[in-house]
Amino acid sequence: MKYITKKRVVLFLLFIFPLFFYLILSSGINNFAKLPIVTKNVSDVSLIDESNSAKFAGNISIVCFLGEDIETIKGAIFNLNQKIYKPFYGFKNFQIIAIYPEDKKEEVKALKSEIGAFTDMVKWKFVASSKPAINALYESFKTTEKLNNLQTSKAFIVDKEVNLRGRTDDEDFKDGKLFGYDMSSVAILNNKMKDDVKVLLAEYRLALKKNDADREI
């Protein structure tokens, strides 16, 4: 009788426990550190980009809207470049997309020159489009705020599946929903957006590891 009991314990340790451990681990991978989706299936920037140089699908995109008065948002864009772009531009599929009206190409050219003086611009993409197209793209984000002269101080995170990511339990909002991150605030970029980009990158890394593990089974 004791022999049979010991045999069962050995079988449990050798076969059942490792399986149980794997299931727990898989569950943890599926539920750990996921950045909430605040809007599903936003419009892809490729739909408004006549140059066909940019797309959301397959990329982790930081999106900003420069608007009709580039000068007023320049400081916020420099903050975004310093606090978000520089720490993450080395990651695969990471990009910043800046959207602006077609008639502001000269102002944007000057902005790019200023940023490029101290930055490798390889992952910066500037997309010119018509005013109706810009508004339509922004409206697909379904945020609680409107564009002002095609401009907002908020930067947005769009994932590889073209969903808008953010927060659903942010203490600074009554309903907890944070759609975009205020680029004019270094504290918000440092303490919220940077952390959330890290979470999203980790999410994709964990998903990749899980897929690799599943293929080995």
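Go through (1) open to solvent by 30 Å² or more (accessible area, probe 1.4 Å); (2) within 20 Å of E203 (Cα to Cα) for D175 and report which single condition fails.
The one condition D175 does not meet is (2).
Which is of a type in the set (F, W, Y) and in contact with a Gly (Cβ under 9 Å, 6 or more places away or on another chain), of Y85, Y100?
Answer to the selection: Y100.
Taking the range 185-209, which residues are among the hydroxyl-bearing types (S, T, Y) and either modelled with pLDDT of 95 or more or over 15 Å from the mean Cα position of the chain (by Cα) (or both)?
S185 - this is the single residue of the range 185-209 that is among the hydroxyl-bearing types (S, T, Y) and either modelled with pLDDT of 95 or more or over 15 Å from the mean Cα position of the chain (by Cα) (or both).
Can you tell me how many residues in the range 129-153 are in contact with a strand residue (DSSP E or B) (Cβ under 6 Å, 6 or more places away or on another chain) and part of a strand (DSSP E or B)?
Going through the range 129-153 one residue at a time, the tally reaches 1.
Looking at I60, I37, I48 in this structure, which one is surrounded by 11 or more Cβ atoms within 10 Å (Cβ to Cβ), within 30 Å of K105 (Cα to Cα), in contact with a Lys or Arg (Cβ under 8 Å, 6 or more places away or on another chain) and at pLDDT 95 or above?
Of the residues listed, the single one that is surrounded by 11 or more Cβ atoms within 10 Å (Cβ to Cβ), within 30 Å of K105 (Cα to Cα), in contact with a Lys or Arg (Cβ under 8 Å, 6 or more places away or on another chain) and at pLDDT 95 or above is I60.
The values are calculated or read from the model by the stated rules, or taken from the named source; none is laboratory data. All values reported here derive from a predicted model rather than from experimental measurement. Cβ atoms come from the backbone with ideal geometry, glycine included; neighbour counts cover every protein chain shown. Just so you know, the surface numbers come from the protein's heavy atoms only, side chains and all, with ligands and any DNA or RNA stripped out. Shrake-Rupley method; radii C 1.70, N 1.55, O 1.52, S 1.80 Å.
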